[in-house]
Amino acid sequence: MHIHTDRIRARAAAGAVIALLAFAAVAPTARAGVMIYALTENDGLLSFDSDNPSRIIESIPKIRFSGLADVNVLGIDFRGNNQLYAIGSAGFEGNADLLIGPLGSSGPTFGQGSGFTAFGDPADTSDPFGRPTGLRGTRFGMSFNNLADRLSVVSNNRQNLTVAPSSFGPVTLVTTNPELAYAPGDIFAGRSPNVVDLAHLGDNLYGIDTSTSALVTVDQATGLVRTIGPLQTDVSAVGGFDAVFAPGGYEAFAVLQPADAGISFLYRIDLATGVATSLGQIDGGELLDGLAIVPEPGGIAALTCAAPLLLARRRRHGA
């Protein structure tokens, strides 16, 4: 999942508000691939099947936050098996709050919703999120850990946040973790990471560093980033990433803009090696800046069993 906001800088003096909205998503009853929702650079929302990315199933030109004008939509991801959330920002003087609420995912309410307010955790004394810190960066990544019911948010400015959503009401709290940095001994040690696409597999957090065009793991507790391997295609900072467990095993996908192209393509990502395999251009011609896969029924339970096997496979590949 990837988040964009070049417009945040213009509102920095007024503070930032992160808005997190929920879409109740319903997977089709019969399909060959996986159902994917994607966020456009213009804050629109569209859906397509991974087996046929050239055919858009449903789309709207702009996600709307009820009661809030001119909100920048920053990214999307699923919480649980059927709730799609969007995270966004808007300038409100003197605060940096989190807004949370349900949105529709089809029909006349597709991409429409409202939100509640959340704040920095008062127990976080290290570098609390809120006045005057707020969001730091121009591009962001987000991913739900559905085992712990926590939301991870990172930025191209190395910001590293954990959100405890509670019941997605007024008590939602944000904790600031150590800034992202490559682990000692990593091939990119000493280089500033630009991880702006995230995906959880169980408790394990994966990301794409668009400055190195490589798949990485992220330890939020320490901020340490470790390289798995190259995508084997150079990409821009515009894109999105997600992974899901199906009955036959895990699947991971990314919408990426190749560095030499002005359009987005769908890729299958090998989580053991990092290699990205193109599945074709996504129809519509828009650049896509976020990705969320509709989870399979029972997929969260399968994560607890399958994630350790994935890590063992990755170690056999020398990562």
Legend entry - Cβ-Cβ under 7 Å pairs, at least 6 apart or on other chains, segment 72-83 side closer than 21 Å to Val255 by Cβ and surrounded by fewer than 24 Cβ atoms within 10 Å (Cβ to Cβ), far side polar (S, T, N, Q) and modelled with pLDDT of 80 or more: Arg79/Asn146
Inset, instruction - From Val235, Val255, Val218, Val244, grab the single residue that is touching a His at 6+ places or on another chain (Cβ under 9 Å) and at negative phi. - result: Val255
Inset, instruction - Scan segment 103-114 and give yes if some residue there is under 19 Å from Pro295 (Cβ atoms) and at pLDDT 75 or above, otherwise no. - result: no
Legend entry - Where Gly137 falls short, out of the listed (1) within 20 Å of Thr210 (Cα to Cα); (2) at pLDDT 80 or above: (2)
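Being within 21 Å of Asp197 (Cα to Cα) and modelled with pLDDT of 50 or more: is that true of Gly274 here?
Answer is yes for this residue.
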Inset, instruction - Kindly provide the set of residues from segment 32-71 that are buried (at least 22 other Cβ atoms within 10 Å of the Cβ), in contact with a Gly (Cβ under 6 Å, 6 or more places away or on another chain), assigned to a strand (DSSP E or B) and modelled with pLDDT under 85, ordered by number. - result: none
Inset, instruction - Return yes when Thr227 is modelled with pLDDT of 95 or more, closer than 25 Å to Arg158 by Cα and of a type outside the set (A, V, I, L, M, F, W, C) and no when it is not. - result: yes
Inset, instruction - Look at Asp203 and say whether it is closer than 26 Å to Gly80 by Cα, buried (at least 21 other Cβ atoms within 10 Å of the Cβ) and acidic (Asp, Glu). - result: no
Inset, instruction - Determine which member of the set Arg131, Arg158 is of a type in the set (Lys, Arg), modelled with pLDDT of 65 or more and over 22 Å from Ile293 (Cα atoms). - result: Arg158
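The values are calculated or read from the model by the stated rules, or taken from the named source; none is laboratory data. Predicted model, so just to flag it, every value in this text is computed and none were measured. Neighbour counts are summed over all protein chains in view; Cβ atoms, including those assigned to glycine, are modelled from backbone coordinates with ideal geometry.
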